[in-house]
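The structure appears below as structure tokens.
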Amino acid sequence: MIPPEQPWVLARAALSRAAARWIVDTLSDRLKSAGHACLVPSAGRTPLATYAVLRDRYRDAIDWRRVHLVQMDEYKGLAPDDPRSFADYLRRHLVEPLGVGAFTHFNGADGRLLRSPAAYERDLPPLDLVVHGIGRNGHIGFNEPGAAFTSATRPVRLSPSTLGANFVLDADRQACAMGVTLGLRCLLAARQSLLLAWGVEKADALRRALCDTPSSRCPASGLRLTGRLMVMADPDAARLCIPVAADSAGNSGTPKWEYHAGAHFD
Ligand code: GLP
């Protein structure tokens, strides 16, 4: 495992390698103790390089057949083979190349939900590891600002900020204006969470997530209430905040971050 004294702010290539290693170590620990592991990976752009490292370096590091991959969020109306869908993304980048044993996703071939959001959440195994990106407005999954930390898995209307970040074409923004997401109560109950952020466009969201008092105004801030959060950010995303090392006793709890305008990292 990455020791707590290791810096959490790394250049992107190093960050992607560190994140992949940390994911594999976390899953490996769980496989050893429980015999199986449940992974909930973001389907955003941020972890793409991390997933490439998983495929290139760690394909044979663990028994991926004992990993159950659960979809975190999806657009309403998209079939799992639609290239805009998160199910298609997860299948291409993780499920098929790694040989993951089980894949739970939201939509069926007709684009409709395979089961109600309540049933989807009820039937999930305990979530061992969630890999998060962060929206520019602080969303995680499709839990947009205003979502309660106790919110259930549910259909959601996506914000203009989220649609603008995720689609170039107006037609896609209109077609994909509704989504479905694991609720915050479910995501925040995960055994471990990894939050990845890079790029200056994420700096303010990361500052609000890590430095402000946790509030539904910034759903990602709820991750700090779990006490099981690893944050990895590049210097651009972390330019408004700095990590404060874990305590000298070596406890590996969630590191604290402080607001620090213009933080500099080597
Ligand atoms: C998207 C997804 C999230 C993702 C986040 C960041 O809208 N719903 O699951 O983690 O926003 O995405 P990206 O990494 O592409 O910036």
Handout entry: Over the stretch 45-158, relative contact order from alpha-carbon pairs under 8 Å, at least 6 apart, %
Key = 24
Handout entry: Rounded to the nearest 20 debye, dipole of the chain from Cβ charges on Lys, Arg, Asp, Glu
Key = 300
Exercise for the section: Under 1.5 on a/c is rounded, so check that first for the chain, then, if it is not, pick prolate when a/b is larger than b/c and oblate when it is not; a ≥ b ≥ c are the square roots of the alpha carbon gyration tensor eigenvalues. Expected result: oblate
Problem - Selected from L127, L78, L169 as most flexible by GNM, with the chain as the system and alpha-carbon contacts under 10 Å - result: L169
Completion exercise
Treating only Lys and Arg (+1) and Asp and Glu (-1) as charged, each at its beta carbon, one finds that the stretch 57-148 has a dipole about its Cα centre, in Debye to the nearest 20, of 120
Problem - Highest-fluctuation residue, V53, V168, V40 considered, GNM on the chain with Cα pairs under 10 Å - result: V168
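Calculated from DSSP H runs of 4 or more alone, at -39500 (n - 2.57) each and per residue, what is the 222 nm mean residue ellipticity of the chain, nearest 500?
Details: 8 runs with 70 residues, N = 266.
Using -39500 (n - 2.57) per qualifying helix, the result is -7500 deg cm²/dmol.
Which trypsin sites (Lys or Arg not before Pro) in the stretch 7-51 sit in a loop by DSSP (not H, G, I, E or B) and have at most 13 other Cβ atoms within 10 Å of their own Cβ?
Numbers: sites: R12, R17, R21, R30, K32, R45; in loops: R45.
In loop regions of the stretch 7-51 (DSSP not H, G, I, E or B), the sparsely surrounded trypsin sites (Lys or Arg not before Pro) are R45.
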Exercise for the section: Can you tell me the order of 93-104, 197-208, 137-148 when each peptide is scored by its average per-residue count of other Cβ atoms within 10 angstrom, highest first? Expected result: 137-148, 197-208, 93-104
Exercise for the section: Using a Gaussian network model of the chain whose springs link C-alpha atoms within less than 10 Å, name the residue from M232, M178, M72 with the highest mean-square fluctuation. Expected result: M178
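With a ≥ b ≥ c the root eigenvalues of the C-alpha gyration tensor of the stretch 128-168, is it rounded (a/c under 1.5), prolate (a/b larger than b/c) or oblate?
Details: a/c = 1.96, a/b = 1.33, b/c = 1.47.
Judged from the Cα gyration tensor, the stretch 128-168 comes out oblate (a/c at least 1.5, b/c at or above a/b).
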Practice task
May I ask you to list the lysines whose Cα is less than 27 Å away from that of K202, ignoring any residue fewer than eight positions away on the same chain?
Solution key: K76, K256
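May I ask for the net charge around N166, where only other residues with Cβ less than 15 Å from the Cβ of N166 are counted and Lys, Arg are +1 while Asp, Glu are -1? If you can, show how the numbers build up before the last one.
On the way: positive: R45, K76, R84, R136, R157, R173, K202; negative: D73, E74, D82, D88, E144, D170, D172, E201.
Local charge sum for N166: -1.
Here, each number is a calculation from the coordinates, and none is a lab measurement. Keep in mind that this is a model prediction, so the values were computed, not measured. No Cβ is skipped: glycine too gets one built from the backbone with ideal geometry, and neighbour counts run over all protein chains shown.
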